[in-house]
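Novice: Got a structure for you, questions after.
The values are calculated or read from the model by the stated rules, or taken from the named source; none is laboratory data. Small disclaimer: the values here were computed from a predicted structure and weren't measured. Ideal geometry is used to build each Cβ from the backbone, glycine not excepted, and the neighbour counts take in all protein chains shown. All accessible areas refer to the heavy atoms of the entire protein, side chains included, with ligands and DNA or RNA removed. Shrake-Rupley method; radii C 1.70, N 1.55, O 1.52, S 1.80 Å.
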Amino acid sequence: GNSVTQMEGPVTLSEEAFLTINCTYTATGYPSLFWYVQYPGEGLQLLLKATKADDKGSNKGFEATYRKETTSFHLEKGSVQVSDSAVYFCALKRTQGGSEKLVFGKGTKLTVNP
Amino acid sequence: DSGVTQTPKHLITATGQRVTLRCSPRSGDLSVYWYQQSLDQGLQFLIQYYNGEERAKGNILERFSAQQFPDLHSELNLSSLELGDSALYFCASTETGTTDTQYFGPGTRLTVL
């Protein structure tokens, strides 16, 4: 079936450090891939997305490239800030019976210390 | 602010009780999705409605039900509550049933004592 596996956290970094959060997926065909972010006490927000192989999604300094050959969509940021502290979810869009829904990974909690 | 509203923000109740969670989608969005977020299960898709009709079902228990009304707001009904139903419940909306970006509300935190 369709599933998403992302690295377990928590991840703790110092400000300005490099961030990588790994995400791999299992799916039939070529699903759209997403990173959502959940700041403390809030709902999820779309951070970036990629809809086909080799696409690179980017937003707020974060990037992720859709790698078909490795079925991966790793999230990276060159220099994290304290305000990036949040839980990050990798997700894929699955089509079933004419409807579409998101399948999420378990989330990775990131804490950035000053 | 995503434009999706959920009420109440917090709900504390006892086992065996029934509660109703409410969601108002973004203006113009026809589709509403419900999710349950718990520490052990992560974020689980429960059910989707599109323009008043059920479109897709996920891991929703038989004790749970939902509906979408003509004004497009949606309610999630949870009955015979158990301790394990304690979780954050999110709704999300999209303009149609097939767009990529879902807009999430702030969630309702349900605590079952």
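Novice: FRET efficiency for B:Ser65 and A:Thr111, Cβ-Cβ distance as r, R0 = 35 Å, nearest 0.05?
Specialist: Working from the Cβ atoms, E equals 0.40.
Novice: With no solvent and one point per C-alpha, what does the Debye sum give as log10 I(q)/I(0) for segment B:1-112 at q = 0.16, 0.20, 0.24 Å⁻¹?
Specialist: So the normalised log intensities are -0.64, -1.01, -1.42.
Novice: Test of the criteria: in segment B:33-113, which chymotrypsin sites (Phe, Trp or Tyr not before Pro) are in a DSSP loop and have at most 15 other Cβ atoms within 10 angstrom of their Cβ?
Specialist: none
Novice: Still on this structure, please answer the following. Can you give the average number of partner chain beta-carbon atoms within 10 Å of each beta-carbon in peptide A:83-91, as a whole number?
Specialist: So the per-residue partner count for this stretch is 1.
Novice: Which whole number gives the average, over all residues in B:34-47, of C-beta atoms from other chains lying within 10 Å of the residue C-beta?
Specialist: Per-residue shielding by partner chains comes out at 3.
Novice: Taking only protein heavy atoms into account and a 1.4 Å probe, give the accessible area per residue of chain B in Å².
Specialist: I get 47 Å² per residue for this part.
Novice: Now, a different point. Within chain B, what percent of beta bridges assigned by DSSP are antiparallel, to the nearest 5?
Specialist: Around 90 percent of the beta bridges assigned by DSSP in chain B are antiparallel ones.
Novice: Quick one: 3J(HN,Hα) in Hz for segment B:67-76, Karplus 6.51/-1.76/1.60 with θ = phi - 60°, rounded, Gly and Pro as x.
Specialist: Values per residue, Gly and Pro as x: 7, 10, 8, x, 7, 6, 6, 10, 10, 10 Hz.
Novice: Further question on the same structure: Expected output is a single nm value to one decimal: the length gained when fully extending between A:Tyr30 and A:Glu16, i.e. 0.36 nm times separation in residues minus the C-alpha distance. What is it?
Specialist: 1.6 nm
Novice: For segment B:21-87 and segment A:9-33, compute the distance between their C-alpha centroids and round to whole Å.
Specialist: 27
Novice: Further question on the same structure: Under a point-charge model restricted to the Cβ atoms of Lys and Arg (+1) and Asp and Glu (-1), what is the dipole moment magnitude of segment B:42-109 relative to its Cα centre, in debye to the nearest 20?
Specialist: It comes to approximately 140 debye.
Novice: Still on this structure, please answer the following. Counting only trypsin sites (Lys or Arg not before Pro) that are in a DSSP loop and have at most 11 other C-beta atoms within 10 Å, tell me the longest site-free stretch of chain B.
Specialist: In chain B, the maximal stretch lacking such sites is B:19-113.
Novice: Longest exposed-loop-site-free stretch of chain A, with GluC sites (Glu not before Pro), DSSP loop and at most 13 other Cβ within 10 Å?
Specialist: A:17-68
Novice: Report, as an integer, the average count of C-beta atoms from other chains found within 10 Å of each Cβ along A:35-46.
Specialist: Whole-number average of other-chain Cβ neighbours for A:35-46 is 5.
Novice: How far apart, in nm, are the 7 Å Cα→Cβ label points at A:Ser99 and B:Ser27?
Specialist: 2.8
Novice: Quick one: plug the Kirkwood hydrodynamic radius of the protein assembly as shown (C-alpha pairs) into Stokes-Einstein at 37 °C, 0.692 mPa s, and report D in µm²/s.
Specialist: Using the Kirkwood radius from Cα pairs, D works out to 182 µm²/s.
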